[in-house]
1. Antiparallel versus total DSSP beta bridges in the protein assembly as shown: what percent is that, nearest 5?
2. What ranking do A:133, B:94 get, fewest neighbouring Cβ atoms within 10 angstrom at the top?
3. Using Cα pairs under 8 angstrom and six or more residues apart, how large is the relative contact order of chain B, in percent?
4. Only counting other Cβ atoms within 10 Å, I'd like B:242, B:253, B:87 sorted with the fewest neighbours first.
5. Zone of residue B:285 (label point 7 Å along Cα→Cβ, backbone N under 17 Å): which residues in segment B:331-353?
6. Rounded to the nearest 5, what % of the DSSP beta bridges within segment A:31-148 are antiparallel ones?
7. Go ahead and estimate [θ] at 222 nm for chain B from helices alone: -39,500 (n - 2.57) per DSSP H run with n ≥ 4, summed, over the residue count, rounded to 500.
8. Give me the Kirkwood hydrodynamic radius of chain B, using the inverse of the mean 1/r over all pairs of distinct Cα atoms, in Å to one decimal.
């Protein structure tokens, strides 16, 4: 027969397990933080979140202080989702629908899209004006880090 | 004077543009011996299939009052970027909607040179930047709605309004952080209305035919102010048109002259987080003059006041819902249910994944001004309820 004490002990173990799992999940999320990178031809080392939003929604291709810029995307994954949530404020479906509007109305092509951080870094490092995003833990030789104000 | 059939004239025009682009694209690519990857060759497309049901009148000749699947569209888009500022693209469409379409047409085929964000040029068959939604009115994957407000974007006239032959100059001017940005576009060229366009349905119902449709000069300018309040934009467009064409009636040969006329649009949209609200007003005021030898000219006056208001909410990353009210009223038309149309619509969209989506929409329509032809509805009813289910895929 279960005593009130054993029930309480079971509840406490469940609570501790939940806290540990939550902490693990949060730490995993922390590892997926995003770094914005750019080709070395981009003159500035920082940009505003409003400018970043405009570049990645196709609203602009030229920013004062940065020059001509071209967005580079990750195809999917946690880093991509985090970037959209943090800087664009749209779901992946809404984000891609916005680009399709531009594409099918002849106002733009779809941005270059890559499967991995390494491919994004490789392209950004060798393409004038390219701006992309990768996980903060990924190395990015040849590309500069952009601070987002 | 001999005249070419409309389909021949349009085909010849399309052939000229596509041939020019077909020559231009490889030429631009070879200029620097670029690879397919270097020129950013992209092929995209989408396709939709709808099921329609109306409780009374048949809509746009689809026999929807018996349930109909005759609304199908498929689009292929090809584009290249030989240079970072140069974008060349072409888009073709298969379109079937009841009495309209069942053919492959050219949506647009253009060369776009963007000097910078403040100045760009497009030439070819270009989308007309008029109103809030004209440039995207054919892009089903971009909208929550299965059918845009018919008061301003009647689907049976979409091909005529969507694009024109000519050019556009466009850009966005920063006004400073406290004033936002000003997006502008000026355009001109030739607008062609097919003889099967929805605008001429009342003439076809009366037995007239327009073998070559109508065509004539079109000019316009559009200004959109992106206000400092992020997500809020307001704008206005003005367009000038003057179209002429030939028409036949029971063996008689005459002419149709629309305008000259000016069409103003005023619109606004606000997006914040999951919500969107928007609206648009348009006024079409023109005299449409029909002339047949030996008969007095007949003038049909139009003064249509059209508007809609809409709102939508994104419940999750996959599900969105919304409603709009759309109204059209031709003050010069005889008093009857065909001089107006009021449409309450509720709509929902579900995205299964980034490529596949479904839409469900219910219309509560009062009046028969748009989409309900007398020839398809001998016993035309004043009100209709319409259900649209649509499945779409894009890549």
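1. On the way: 191 of 198 bridges.
Taking every DSSP beta bridge within the protein assembly as shown, about 95 percent pair in antiparallel fashion.
2. Details: A:133 28, B:94 15.
Least to most surrounded, the residues fall as B:94, A:133.
3. Working: 1028 pairs, mean separation 55.2, N = 395.
Rounded, it is 14 percent for chain B.
4. Numbers: B:242 17, B:253 12, B:87 22.
Starting with the residue having the fewest Cβ neighbours, the order is B:253, B:242, B:87.
5. Only B:331-333 fall inside the zone, counting backbone N under 17 Å.
6. Values: 10 of 17 bridges.
In segment A:31-148, DSSP labels about 60 percent of beta bridges as antiparallel.
7. Working: 3 runs with 35 residues, N = 395.
Only helices count here, giving -2500 deg cm²/dmol.
8. Numbers: mean 1/r = 0.0446 Å⁻¹.
Its Kirkwood hydrodynamic radius stands at 22.4 Å.
Since every read-out is calculated from the coordinates, none of them should be taken as a lab result. Just so we're clear, the structure is a prediction, and the values are computed from it rather than from any experiment. Because the Cβ atoms are built from the backbone with ideal geometry, glycine has one as well, and the counts that use them run over all protein chains shown.
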